[in-house]
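The values are calculated or read from the model by the stated rules, or taken from the named source; none is laboratory data. As the structure is a computational prediction, the values presented were derived from the model and not from experiment. Please note: Cβ atoms are built from the backbone with ideal geometry, for glycine as well, and neighbour counts cover all protein chains shown.
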Amino acid sequence: TPLGRSRAHKSTIRRSSRPVSSPPTRRKAASRTAPDQTPESEPSSKGKAPSAAAAAAMESVEALVAHIQGLSGSADELAQLHGLLKQADGDALRAHSAGLLPFLSHLHPGAHSLGYLYLLDSFVSSSANLRAHAGGDLLVTVADFLTSCSADQIRMAPDKFLNVCRVLKNEVMQLNAPIRGIAPLRAAVRKIQTSSEQLTPLHAEYLMLCLLAKQYKAGLSVLEDDIFEVDQPKDLFLYCYYGAMIYIGLKKFRKALELLHNAVTAPMSSLNAITVEAYKKYVLVSLIQSGQVPSFPKYTSSTAQRNLKNHTQIYVDLSTCYGTGSYSDLETFIQSNAEAFQTDNNFGLVKQVLSSMYKRNIQRLTQTYLTLSLEDIASSVQLNTPKEAEMHVLRMIEDGEIHATINQKDGMVSFNEDPEQYKSSEMVEHIDSSIQRLMALSKKLTSIDQNISCDHAFLMKVQSGRERARFDYDDFDSVPHKYF
Amino acid sequence: MDVDCEVSAAAAAAVTNGLGGGEQAAAAPVSADQLDVEAYAAQYSGRTRVARLLFIAERCGVEAIQLEALRMAHDEARAREDTVLYLDAVLKINSRLGPRYRHDQAWVDSVNRRAEQRKEKLETELNGYRTNLIKESIRMGYNDIGDFFYAHGHLSEAFKSYIRTRDYCTTSKHIVQMCMHVILVSIELGQFAHVTNYVSKAEQTPDTLDAVIVAKLRAAAGLANLETKKYKLAARKFLETGPELGSNYSEVIAPQDVAVYGALCALASFDRSELKSKVIDNINFRNFLELVPEVRELVNDFYASRYGSCLEHLEKLKPNLLLDIHLREHLGTLYNDIRHKAIIQYTLPFISVDLNTMASAFKSSVSMLEKELAALITENKIQARIDSHNKILYARHADQRNATFQRALQTGNEFERDIKAMLLRANLIKHDFNQKNWPGQRKMNL
């Protein structure tokens, strides 16, 4: 029989991560008639089989389906089912994947997630199938599955899950309807995460869809979780980059800066394109946010420190030009390099940098003057007319960036002190919650420190250090810092 | 005086009569038009006289004074047989002064020939001493050669020769003598790092030094600090210079210069208490200040908050001071500093200051004053804010309580951000985040 190949076929080992519930190595073996395999129970033959071979194939699939239905109860059964599925998975299922679709309707995505996943995965892995069913119910099916699958079950086969998600993403991109992928992928992210602090490859995909669909708020829910566990470098960089772009779209520059900072200062031994792009945006956002670009902190990798600036020369020049404080110089510089900025898709940000220069100059004035006429503001900030100055000041007052009152009769602006007295109950709550958050963070830090102190590798290093140093034990306090 | 310029005879007479001490008639600089070149040059001796005359000729705008200075420089250089300076002077004169001042190559050649002969003689003598290995003679030999080079304007060779005597110095007197020579040459060469070096060397000799020498060393140190822009140290050194200096160091500096430099640097860099204790109450320094009554008035005005008249005096002194070889580059900075200090001190005692009154006190316009104040506020030197509408300056005292809250919240935010980033990085390193692996080797799902 065509399905009778019992091969122990080791597929390419797809290791996604270590901390995630490590998937056991999957061995794909054909199922069915190998005598040493667990006999299947009642094969229920329902379904049409155009040919004898196909019929046999269908039968086996049906058998599988029945297993799935039967064994999706408790954890032990699931383990057994998983073994079965792994054996069934392979060219066997794949070769007849076209016919798998109807079987899916027999299974419930929530209860039989694992089995559903296997079938779905082999179905979508073949591009022929995808083309045949493009745009149709397939999307709906997949979306449904993602939203309603059971987290425990799918975590047993994360690679397949990721594969299915990726296919979904590709489909919605092809259909130019990224928004259709948002809700399912968000559910998927939540389900495959083992903890809310973990970064999965799906994060980056999800954020990319949000960006393309311009649904920035949708991205927020995922971005708000702090990430502490990362497995794949590319995930982190893409996550930081897309996340920062979402924050930029929402004008939350401070958070964008945090993400970009992480992307730029992550340990790396060779430069990658994502970091270069991230650095470009980092320069622009720091100019908007604080008027200057901070220098690399000392934990930045030497690769980044040495090479980043070479690849982003005009941005470095832009920041020096900004530092001079002259609006017209900056404007001419931007005009002359407009093309370069356009190709990087950063022109919008660059324009924001330009307008932030006015803001910064006006803010500087608030430090020096109590009242100032609009003409003087216009001349010192290099605006053309007092009317424009008034508009700028008005906008800044509305955005809460300065505290001032405009006296139109005299053409004067009076700058006031920050009215915040730090006495209101909201402020007290805010301070209190900050304290709680920081204490939790501090505890986390201490526990990690303790873990490392007990770590075998660390103790070995300390040992060898002890032999080498031979002086006094106080030297060892400096050793832990190497790990951070 | 054959200088074609207005000399206020009364002023000149008063100046020459009213000042005591010193054989030379010291003319306090009054204004560029009235600069008495001869009297000025008379304060100095040696090479510096010629150098200063050439400097004045270069920088002064008035032709008559230029020519006068060049003429004197030429005569002096010729008398000293210093061919380098002679050629320089002749070049600058450019035949403007008549046939006597034209380039006399014959004279130059004869001087050079004589110099060569003398040099050979000295060198043979030195070699002789060297073979005899008599330390004292070798030292004197090198000294003589150094003097010879110095007299003929070859400063770097003089410097080298003087440095060589170091190995042959036996007593501290020798060391001091060597240091003084080196200091002299270094000042002329403009290498003030060496000056500071050798001053400290000389001061460290175990024997107690002659008061005159101590004063000379202080003055030299002050000069070095001034040229390296360390105005506070320069002021201190000048103020410590004892009155024994007199005109003993005329080959470098005149006592009037000590007074002027010291006072200006002190005004620019000292705070009020230092100014009072070190300058105004300083008895030693008072002797110097007597030589330049304008500067004394200046300092007193500043201390008594008569800023208008103080700044006026400064302006009057400015043209002459610009002709001073050491002070010229620093004059701008010093004047600015003094002016800023005056403004800051003026605003210090008040809660509010009317800008109009202040402008008249400082004799400038309100808008200029406003700009200056804005600059000072931005540099955080004045804690105040300007009410541009009513032209009033209000002192502003930061609200400590609010500032503390703000800082606390900000520190909290920064801590949070940094710790999170750090934990992330720790995690990355823990997973051996080595990018060499991921581009091709690992098969990823995406």
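A few remarks follow.
- Scanning region B:344-382 for residues that are facing another protein chain (nearest Cβ under 10 Å) and at positive phi returns a single hit, B:380.
- Residue match in region A:397-410 (condition: touching a strand residue (DSSP E or B) at 6+ places or on another chain (Cβ under 9 Å) and either away from chain B (no Cβ under 13 Å) or exposed (fewer than 12 other Cβ atoms within 10 Å of the Cβ) (or both)): yes
- Residue selected from region A:316-329 under the condition more than 34 Å from the chain's Cα centre (by Cα) and in a helix (DSSP H, G or I), by the criterion surrounded by the fewest Cβ atoms within 10 Å (Cβ to Cβ): A:328
- Number of the exception - residue A:419 against (1) touching a His at 6+ places or on another chain (Cβ under 7 Å); (2) assigned to a helix (DSSP H, G or I); (3) of a type outside the set (D, E, K, R): (2)
- Residue tally, condition more than 22 Å from residue B:303 (Cα to Cα) and not basic (Lys, Arg), over region B:357-388: 15
- Yes/no for residue A:215 being without any contact (Cβ under 8 Å) to a residue 12 or more places away in the chain and either away from every other protein chain (no Cβ under 14 Å) or not basic (Lys, Arg) (or both): no
- Residue in region B:211-224 that is buried (at least 16 other Cβ atoms within 10 Å of the Cβ), farther than 21 Å from residue B:50 by Cβ and touching a residue at least 40 places away in the same chain (Cβ under 8 Å) present: yes
- Put simply, of B:114, B:47, B:71, B:118 the only residue that is over 28 Å from residue B:145 (Cα atoms) and basic (Lys, Arg) is B:71.
- Only one of A:445, A:394 that is away from every other protein chain (no Cβ under 14 Å) and either out of contact with any Phe, Trp or Tyr (no Cβ under 8 Å at 6 or more places or on another chain) or on the phi > 0 side of the Ramachandran plot (or both): A:394
- Leading residue by the ranking (surrounded by the most Cβ atoms within 10 Å (Cβ to Cβ)) among those in region A:358-382 that are away from every other protein chain (no Cβ under 12 Å) and in contact (Cβ under 8 Å) with a residue 40 or more places away in the chain: A:362
- From the options A:408, A:450, A:463, residue that is under 36 Å from the mean Cα position of the chain (by Cα), of a type outside the set (A, V, I, L, M) and at pLDDT 80 or above: A:450
- Any hit, region A:264-275, residues being closer than 27 Å to residue A:185 by Cβ and part of a loop (DSSP other than H, G, I, E, B): yes
- Filter pass, residue B:385 being at the interface with chain A (Cβ under 10 Å from one of its Cβ atoms) and surrounded by fewer than 18 Cβ atoms within 10 Å (Cβ to Cβ): no
- The residues on offer are B:159, B:148, and the sole one that is at pLDDT 90 or above and either over 19 Å from residue B:49 (Cβ atoms) or touching a Leu at 6+ places or on another chain (Cβ under 7 Å) (or both) is B:159.
- Odd one out for residue A:170, checked against (1) within 11 Å of another protein chain (Cβ to nearest Cβ); (2) surrounded by 20 or more Cβ atoms within 10 Å (Cβ to Cβ); (3) out of contact with any helix residue (DSSP H, G or I) (no Cβ under 6 Å at 6 or more places or on another chain): (2)
- Wholly within region B:321-411, helices (runs of 4 or more DSSP H) carrying at least 3 residues that are closer than 30 Å to residue B:48 by Cα and in contact with a Leu (Cβ under 8 Å, 6 or more places away or on another chain): B:328-347
- Filter result for the condition that a residue is in contact with an Asp or Glu (Cβ under 8 Å, 6 or more places away or on another chain) and in contact (Cβ under 8 Å) with a residue 12 or more places away in the chain, over B:298, B:317, B:289: B:317
- Tally of residues being over 11 Å from residue B:216 (Cβ atoms) and modelled with pLDDT under 85 across region B:251-264: 0
- One residue stands out in region A:273-315 among those that are surrounded by fewer than 17 Cβ atoms within 10 Å (Cβ to Cβ) and under 23 Å from the mean Cα position of the chain (by Cα): the one that is farthest from residue A:361 (Cα to Cα), namely A:273.
- Scanning region B:163-215 for residues that are aromatic (Phe, Trp, Tyr) and within 18 Å of residue B:147 (Cβ to Cβ) returns B:168, B:198.
A quick yes/no check of all residues on (1) under 26 Å from residue A:440 (Cα atoms); (2) at pLDDT 85 or above; (3) within 13 Å of chain B (Cβ to nearest Cβ):
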position	(1), (2), (3)
A:232	no, no, yes
A:238	no, yes, yes
A:241	no, yes, no
A:252	yes, yes, no
A:261	yes, yes, yes
A:282	no, yes, no
A:292	no, no, no
